[in-house]
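Below: the structure, in structure tokens.
The values are calculated or read from the model by the stated rules, or taken from the named source; none is laboratory data. Just so it is clear, the structure is predicted and the values come from calculations on it, not from any experiment. Positions of Cβ are backbone-derived with ideal geometry, glycine not excepted, and every protein chain shown enters the neighbour counts.
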Amino acid sequence: MGTLHARKPNVILIYTDDQGSVDLNCYGAKDLYTPHLDQLARKGVKFSQFYSAAPVCSPSRAAVLTGRFPQHAGVPGNVSSEKGHSGMPSSQTTIAEMMKAAGYATGHIGKWHLGYTPETMPNGQGFDSSFGHMGGCIDNWSHFFYWQGPNRHDLWRNGTEIWEDGQFFPDLMVKETETFITRHKDEPFFLYWAINVPHYPLQGTDGWRKFYDHLPAPRKMYAAFVSTMDEKIGDVLSIIEQQGLAEDTIVIFQSDHGHSTEVRTFGGGGDAGPYRGAKFSLFEGGIRVPAIISWPGHLQENATRDQLVTSIDWFPTIADLCGIELPVTPVDGVSLRPVLESADAPGSHETFHWQTGNANSPQWAVRQGPWKLLGNPNDTSNKAPIDGNLFLSNLEKDVTEMTNYASQYPEVVWKLRKLHDTWAERWK
């Protein structure tokens, strides 16, 4: 790993939406054409055992922006997509606030889904500039909220509603990103680019729809949108190169959680590879996601790390790589610098916890070593029935999580359940 520049590095955090565990060519999806993200992996470090802190949108975003468990960040589940409803408490310290205090220009582009009031929208959470939609998803051409209607337009710049009817939102995001990078190229900047793709509606461009027409539905609709996304990310990576900023810019890429099997996405399309589960599930397919970090000349290139690491680790990692002191507000994440420096370093967490869903009967999981215990498990991939409300996986013996070891190892169940009960008690 190289030494830090005299100039603090820029940081671009690319956060995709509902992208399946293996849904890049470099992660094994050989039916997908994703050359730009594959190239990012060749120029950086790719993680094989990277976990989101939640299997749904809002808490996963709160976790990455605060470096804290979603419960600690005040966002245990999805927040409202309606104007006037709050979300992540403004008392939380975000990456943007940390970077801004260190002299960085800060920008948000894309999806928010963490609050729809002035104090909980991006400009109230440390972002100098913001462009995108505040709710969970939009039609990419009309920019109206996709779930309910008909009068739920959702496109904003710095807290003011704007109208770009008929303009393809991924193109608008690229244009906005180019403007942001060009404006701030002579100073350090932090950009949170929360791409609303490949979340439904699956609106890939015409060229990619034709390219994938040989695939069965719904894979072909999903694939077209993934390659549309890869193309737009490639446009932004080219802008960084053209501005001469490649060696001054840390690029981080991650999906927010697993792929959707909801009816709005034709019941599927994404792929979790060998893993059980999908979005809304704490089986591996809901929380193990593709993730890459690249910083040419400073981090190893074409490297893979197999250690367990998580999304709450980006916050302290960014601070570490940029030479910035962490804020007073405590974070739950751990800097990944040791893991980036050595394939033999331990993972960032000896024990990790998840909890989601109904407060009275939440779905939860705890992982320690190869063991993972799920409470009230939910298999949104519908691979097989689940017997009982406790499911014990051993990810070394069976990464597919099709075998429940609970009855064979009651002492492991007892130990992990006690660990999780102690952890969960903190949030009551």
Please work out which one of (1) of a type outside the set (Lys, Arg); (2) surrounded by fewer than 17 Cβ atoms within 10 Å (Cβ to Cβ); (3) under 23 Å from Gln39 (Cβ atoms) is the condition Ile195 fails and give its number.
-> (2)
Assuming Val399 fulfils every condition listed in (1) modelled with pLDDT of 95 or more; (2) outside any loop (DSSP other than H, G, I, E, B); (3) hydrophobic (A, V, I, L, M, F, W, C); (4) surrounded by 14 or more Cβ atoms within 10 Å (Cβ to Cβ) apart from one, which condition is it?
-> (2)
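Yes/no matrix, rows are residues, columns are (1) more than 30 Å from Gly258 (Cβ to Cβ); (2) assigned to a loop (DSSP other than H, G, I, E, B); (3) assigned by TED's automatic domain parsing to the domain that holds Lys232:
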position	(1), (2), (3)
His108	no, no, yes
Pro118	yes, yes, yes
Gln148	no, yes, yes
Lys175	no, no, yes
Thr182	yes, no, yes
Within region 411-428, which residues are of a type outside the set (A, V, I, L, M, F, W, C) and either surrounded by fewer than 12 Cβ atoms within 10 Å (Cβ to Cβ) or within 28 Å of the chain's Cα centre (by Cα) (or both)?
-> Glu411, Arg417, Lys418, His420, Asp421, Thr422, Glu425, Arg426, Lys428
For residues that are within 18 Å of the chain's Cα centre (by Cα) and among the aromatic types (Phe, Trp, Tyr), tally how many sit in region 61-114.
-> 2
If a residue has to be out of contact with any Gly (no Cβ under 6 Å at 6 or more places or on another chain), in a helix (DSSP H, G or I) and in contact (Cβ under 8 Å) with a residue 24 or more places away in the chain to count, how many in region 226-260 make the cut?
-> 15
Report yes if Glu301 is outside any helix (DSSP H, G or I), touching a residue at least 40 places away in the same chain (Cβ under 8 Å) and acidic (Asp, Glu), otherwise no.
-> yes
Could you tell me whether region 212-225 includes any residue that is modelled with pLDDT of 95 or more, of a type in the set (A, V, I, L, M, F, W, C) and touching a strand residue (DSSP E or B) at 6+ places or on another chain (Cβ under 8 Å)?
-> no
In a loop (DSSP other than H, G, I, E, B), basic (Lys, Arg) and buried (at least 23 other Cβ atoms within 10 Å of the Cβ) - does that describe any residue in region 76-97?
-> no
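Each row is one residue, and each column tells you yes or no for (1) at positive phi; (2) surrounded by fewer than 21 Cβ atoms within 10 Å (Cβ to Cβ).
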{"site": "Gly126", "(1), (2)": "yes, no"}
{"site": "His133", "(1), (2)": "no, no"}
{"site": "Trp141", "(1), (2)": "no, yes"}
{"site": "Phe145", "(1), (2)": "no, no"}
{"site": "Arg157", "(1), (2)": "no, yes"}
{"site": "Lys175", "(1), (2)": "no, yes"}
Ser361 versus (1) out of contact with any Leu (no Cβ under 8 Å at 6 or more places or on another chain); (2) closer than 29 Å to Gly269 by Cα; (3) hydroxyl-bearing (Ser, Thr, Tyr): which is the lone unmet condition?
-> (2)
